[in-house]
Amino acid sequence: MKPFITIATPHKDILEGRLTMDIFAADLWQVFKGKAPEEYQDPAVFFRKTFLTAGLKNLLNIAEKRLKGEGGDPVIQLQTPFGGGKTHALIALYHKAKEWNSKVIVIDGTVFDPKEKTLWEEIELQLTGKIESLKGKVSPGREKIQALFSKNQPLLILIDELLEYMTKASGIKVGNSNLASQSLAFIQELTIAVKTLDKSLLILTLPSSLLEHYDESAERLFQQIQHITGRMEKVYTPVEDEEVSSVIVKRLFSNIDEKEARNNIEEFLDYAEKEKILPEGIDKSYYREKFLKSFPFQPEMIDVLYKRWGSFPNFQRTRGVLRILALVVHSLKDSKNPFIRLGDIDLKNEEIRRELIKHIGNEFDSILAADITSPDSGSKKVDRSLGSAYSPFSFGTKCATTIFMYSFSGGPERGISLQELKLSCAEVSHPSSIIVEVIQKLKENLFYLSDTDLFFTNQPNLNRILLVKAESIDNREIESEEKEIIKDSLSKTQKKFEVFIWPDKSKDIPDTRELKLVILKDYSEEKCKEIIENCGDRPRVYRNTLIFLCPPDEERISFNKFIRDKLAWQLIEKDKSLSLTEEQKREVKNKIKKSEEDVRSRIRTLYRFILLPSKEGLKKIDLGMPTYGKEHLLDEEVYNRLKGEEILEKLSALTIKDKYLKNDYVSTRNILESFYATPGEIRIINQDVFKNAVKEGVRQGLFGLGRLEKDKPVYNYFNEDCSPEIVEGEVIIKAELCKKEVSDKAEIIAEPTSSLSVVGEKTEGGEKESKVSPLKEGYSGIYLKFLVPFGKLSDVGRIINYLKSKFSKVEIVMEIIAENGEIKKDEYEDKLIEALKQAGINEKDIETKFKQ
C-alpha cells in the first residue's frame, strides 16, 4: 500500500503547520469587517475548501430564490449543536448574497454591547450609515422597519448568536421593562416586516445545547424567541452526520487520487475480511464506501472524534475535529502510513493533547505520561517486549492510544471491543492475533487501564496500586522474606548437609568433618576463598567439606521484584481502605496464590551456582533452570547434582589401592583426613563410606589391614572380613607383604564340541593339562559372545541371572566398542576409568585400544 501522503494532498496551511485555532474558528463578524483569515474572507478559497452538504445546498437555494423574489421562506432559524456548522453556513450565505448583488446586514450577538447600540440601530447604521428613523431604546415598530427595508432590497439579514445578545440586554432597564423585552418585541416586528417584503430574508441562529443557554433567565429568553420564530421554517442540520467525513476531508485536503485510495482500501479490506475483523453487521461494500468518503482517515477515527468526543457539551464538533485532525495530518506528513488511524494520534504533541484533555480533566496529563507517552511508560515497555519483528509498528503505543480515544464521551458510552481494536491497530503484514498478546501485556504494564474492560480511567488499577505498595517495602523486608523462603526450601528430614544461610564471617562456619552447604547472598568467589582458607582468625583444616551455593548477579533484580510484588499483593489484601471491586479482590487473591506456588521455583532459579574447593581454586557447577512442576528443595537438588561425581555414597576399594597405596602401607586415618582437608580430594557422605571400602578391599585381597609395630606394617586381616577403626597406627598394607597363602583362581572355560567336552585343570606345578571325558547330556561350562543391541542390556541381565541359577561361577567379560565421536584424555581418566573403579573393576583387568 502507498503512503497516504502520496495519495491525498493536504492544503498548504496544513502542510506548513499554520494551525492556529482561528483557521478553523469561523467568525462571521470578522468576515463582515474584512479581517478574517483567507480561508473565510476570500470566497474562492472558502468554497474550494468547503464541502457543500445537502443541508447547505438547500439553504443556499432557498436564500437565492427569496432574494430574487421567486418565493421561499422569509425567516429561517438555524439551530444546530455547538460547533455544528451554523456559522460556516452563515459565511457561505454572506458570500453568495454578495455574488447575487444583495445587501447584507450582519449582527453578531457575541460582539455587540447593548449599552451602546440596539439591534435596530445597528441595522439602520449598516444600511444607511446613520441612525435616524430607528433610534432609541424602544422597539421602533413594524412600519418603520418595513419602510427602511423596502428601499434596500434585495436584503439578507444574518443574526448570529441572538440569545447571547438577549441575555446581555436583559440587564438594561428601559422604562418599566428592559432592553431584552424590547428586543423580543423587535424580533417579532422584524419577522412580520420581512414576511411582507418579497426580496428580504432573515436568518438567525440559536444554540441547541442547554449548556449554551447560560442560566434560567436565558432559558426563558430562549423559549420566548422560539415562540416568536416557531412558526417559521427551520434548517436544523447544515451538516448531517454522514456528511461529516466529506466536510473534513474537503477542508484538509486539496486533492485525493481516488483510484490509489481504492487500492489501499481494497487491500486492507481483503485482510480485514480474512481476519474476520470487519465491524459486526456491516457489509463489506458499505464499509468500503464509508472508507472512501473518509480517506485518508479510517472511518472509525472520524466517528470516535465526532460522535464520542463531540458529545461533550463544550466540544465544538466540526471545528474541534478539524483542529485535531489537522494537527494529526501535519504530524504524519513524512510518514509511510497507508491511511490514518486513531493509533496514529501522537499524544505527546502538546497541542493535540490539550485539545483532548480540556474535556476530560488535567489529571490525564500525568496519566498519559505514565501509560503512553513517556519513554519509560507502560506502552513503550510493551513495544520493546514484542521483539524486533514488531518494533517498527509500536503496537503497544498504538493500541493504548486507540483505547484512550475510545474511552471518553459526553454520555455513558466508553471502551472498545477486541474486534474494534484489531480493526484499528492490526497491520496487513501480521496476523491480527498479535493484538491479543499486546492487550495482555498492556494489562500487565499500564496503571490506568481498567481492570475489567478496555478503557482508561482516572482511578489507578491494580498495577498502579501494586506499584505504590511495592515502593513502600524496604530492602530489609525483602531480605527477611528471602531468608524465610530459603529456610522453607530446605529439607526438614534426611539432611545431607549442615546448612549455613548468609554467613557474615568465616568463623560463623565451624571447622568440622561434616559436609556443609554455605548459601551466600551474592556471587562472590573472594568470600568463598576467605571461608575456605580461614575459620575466624585461624587457618581452616577441613576445607574440602565446604560446598557453596550462590546466585548469579543477573537474576537478583528479577527475584527482588518478585518478592517485592509478593509482599505488595499481601499488603493490598490487608488494606481495608482500598475500594476494590469484587473482580479486583479475586484478582488479588489469585496473585497471592500464584506467588506462593512459584516461590520455591523462583528461589531455585536464583540460587543455581555451586562452587566447590578444587586443586585449581574453585570449581563452578550450574544447576540449570528448575524443572517445571517439580518440588524444589535447595539442599536436595545440590546433593543430587553432586552425588556420584563430587560426593560419593560408595567408594571403590580399587580406588583406595591405586590412588593411595603407592608405598608398602598407608595410614587409614591419613587417607580419611585428606578427604576432608584437601581441596579437590574425594568427598564422602560420611566415614562409613571409607570404612566399607577398606573392608571390601581386605575381603577381596586387594590389600591387608593391620598396624604398625616398630615402624613396620603387620597385617591382621587379609582375604577375610574385618572392621576398620580408622585410628592412629592403623594401616592398609600391600597384598604382597601379607603373610597368607594366595591361591590363584583356576580359569575354567568349557566349550561344547560335537563329541567331547574339554575342561582345563591345573597340575601341582601350575601347568595346565587336558583330559578328555565322555560327553554328558548337558554342558558343564558355556562361553557366549554376541553383539548387544542398544537399550537391551536389561534383557541380557535376565539371561545372566538365569545362568547364575545354573552355575556357581559366572564371569562376565564386557567388550565395548565406541566410535564416531570423541572423548578427551582427562575425561577418559576422570569419568570412565574412575567409574569402572567405583564399580569394583581392577584397572589392570581393563584392556583398552585407542583410535586417534
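The values are calculated or read from the model by the stated rules, or taken from the named source; none is laboratory data. Small disclaimer: the values here were computed from a predicted structure and weren't measured. Every residue, glycine as well, gets a Cβ built from its backbone with ideal geometry; the counts of neighbours run over all protein chains shown.
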Taking the range 307-359, which residues are within 27 Å of the chain's Cα centre (by Cα) and farther than 20 Å from Leu421 by Cβ?
Ser331, Leu332, Ser335, Lys336, Lys348, Asn349, Glu350, Ile352, Arg353, Ile357
Going by the structure shown, is Ile732 over 30 Å from Glu498 (Cα atoms) and surrounded by 20 or more Cβ atoms within 10 Å (Cβ to Cβ)?
yes
Name, by its number, the condition in (1) surrounded by fewer than 21 Cβ atoms within 10 Å (Cβ to Cβ); (2) in a strand (DSSP E or B); (3) not polar (S, T, N, Q) that does not hold for Asp113.
(2)
Suppose we keep only residues that are under 16 Å from Ile572 (Cα atoms) and without any contact (Cβ under 8 Å) to a residue 40 or more places away in the chain within the range 438-460. Which one would you say is farthest from the chain's Cα centre (by Cα)?
Gln459
Just the residues that are assigned to a loop (DSSP other than H, G, I, E, B) and either modelled with pLDDT of 95 or more or loosely packed, with under 13 Cβ neighbours inside 10 Å (or both), please, taken from the range 550-560.
Pro551
Show the residue pairs meeting these rules: Cβ distance below 7 Å; 6+ apart or different chains; first residue within the range 292-303 and hydroxyl-bearing (Ser, Thr, Tyr); second residue not in a loop (DSSP other than H, G, I, E, B).
Ser294/Ser245; Ser294/Val249; Ser294/Ile302
Being within 16 Å of Lys619 (Cα to Cα) and touching a strand residue (DSSP E or B) at 6+ places or on another chain (Cβ under 8 Å) is the filter here; which residues of the range 669-692 pass it?
Pro679, Gly680, Ile682, Arg683
Considering every residue within the range 78-87, establish whether at least one is of a type in the set (Gly, Ala, Ser), closer than 24 Å to Ser170 by Cβ, in the same structural domain as Gln153 (by TED's automatic domain parsing) and at pLDDT below 90.
no
Can you work out which of the residues in the range 477-495 that are of a type outside the set (Asp, Glu) and in contact (Cβ under 8 Å) with a residue 40 or more places away in the chain is surrounded by the most Cβ atoms within 10 Å (Cβ to Cβ)?
Ser489
So, Ile435, is that one buried (at least 18 other Cβ atoms within 10 Å of the Cβ), assigned to a helix (DSSP H, G or I) and on the phi < 0 side of the Ramachandran plot or not?
yes
Here's a check for you: in the range 257-296, which residue that is of a type in the set (Phe, Trp, Tyr) and over 28 Å from the mean Cα position of the chain (by Cα) is farthest from Ile7 (Cα to Cα)?
Tyr286
Of the residues that sit in the range 566-585 and are part of a loop (DSSP other than H, G, I, E, B) and of a type outside the set (Gly, Ala, Ser), which one is surrounded by the fewest Cβ atoms within 10 Å (Cβ to Cβ)?
Lys576
Among the residues of the range 547-573, which ones are of a type in the set (A, V, I, L, M) and under 14 Å from Glu479 (Cβ atoms)?
Ile563, Leu567
Only one of Phe295, Phe312 is among the hydrophobic types (A, V, I, L, M, F, W, C), buried (at least 19 other Cβ atoms within 10 Å of the Cβ) and modelled with pLDDT of 95 or more. Can you tell me which?
Phe295
Any idea which residue in the range 161-200 is surrounded by the most Cβ atoms within 10 Å (Cβ to Cβ), counting only those that are outside any loop (DSSP other than H, G, I, E, B) and basic (Lys, Arg)?
Lys168
Neighbours by Cβ (under 8 Å, 6+ apart or cross-chain): first from the range 130-145, more than 8 Å from Trp120 (Cα to Cα) and not assigned by TED's automatic domain parsing to the domain that holds Met166; second among the acidic types (Asp, Glu) and surrounded by fewer than 18 Cβ atoms within 10 Å (Cβ to Cβ)
none
Residue check, Glu777 against (1) at pLDDT 50 or above; (2) under 30 Å from Asn663 (Cα atoms); (3) not in a strand (DSSP E or B), all met but one. Which one?
(2)
Being assigned to a loop (DSSP other than H, G, I, E, B) and among the hydrophobic types (A, V, I, L, M, F, W, C) is the filter; apply it to the range 438-469 and report the residue that is nearest to Ile367 (Cα to Cα).
Phe447
Of all residues being assigned to a loop (DSSP other than H, G, I, E, B) and polar (S, T, N, Q) in the range 482-529, which is nearest to Glu554 (Cα to Cα)? Just the residue, please.
Ser524
Among residues of the range 323-371, those that are within 12 Å of Phe404 (Cα to Cα), in contact with a helix residue (DSSP H, G or I) (Cβ under 6 Å, 6 or more places away or on another chain), in contact (Cβ under 8 Å) with a residue 60 or more places away in the chain and part of a helix (DSSP H, G or I), counted
4
With criteria (1) within 30 Å of Lys585 (Cβ to Cβ); (2) in a loop (DSSP other than H, G, I, E, B), Ser429 comes up short on (1)
On the given criteria, is Lys594 buried (at least 17 other Cβ atoms within 10 Å of the Cβ), without any contact (Cβ under 8 Å) to a residue 24 or more places away in the chain and part of a helix (DSSP H, G or I)?
no
Checklist (1) among the charged types (D, E, K, R); (2) touching a residue at least 60 places away in the same chain (Cβ under 8 Å); (3) part of a helix (DSSP H, G or I) applied to Asp73, failing item:
(3)
Cβ pairs under 8 Å, 6+ apart or interchain, first in the range 528-539 and more than 11 Å from Gly617 (Cβ to Cβ), second among the aromatic types (Phe, Trp, Tyr), ordered by first then second residue, are Ile531/Phe548
With under 30 Å from Thr512 (Cβ atoms), assigned to a helix (DSSP H, G or I) and of a type in the set (A, V, I, L, M) as the only criterion, which of Ile547, Ile563, Ile532 stands out?
Ile532
Those residues that are over 14 Å from Ile610 (Cα atoms) and either surrounded by 13 or more Cβ atoms within 10 Å (Cβ to Cβ) or aromatic (Phe, Trp, Tyr) (or both), I need them from the range 516-531; list them, please.
Glu530, Ile531
Given the structure, is Ile603 of a type in the set (Val, Ile, Thr), in a helix (DSSP H, G or I), under 30 Å from Ser450 (Cα atoms) and in contact with a helix residue (DSSP H, G or I) (Cβ under 6 Å, 6 or more places away or on another chain)?
no
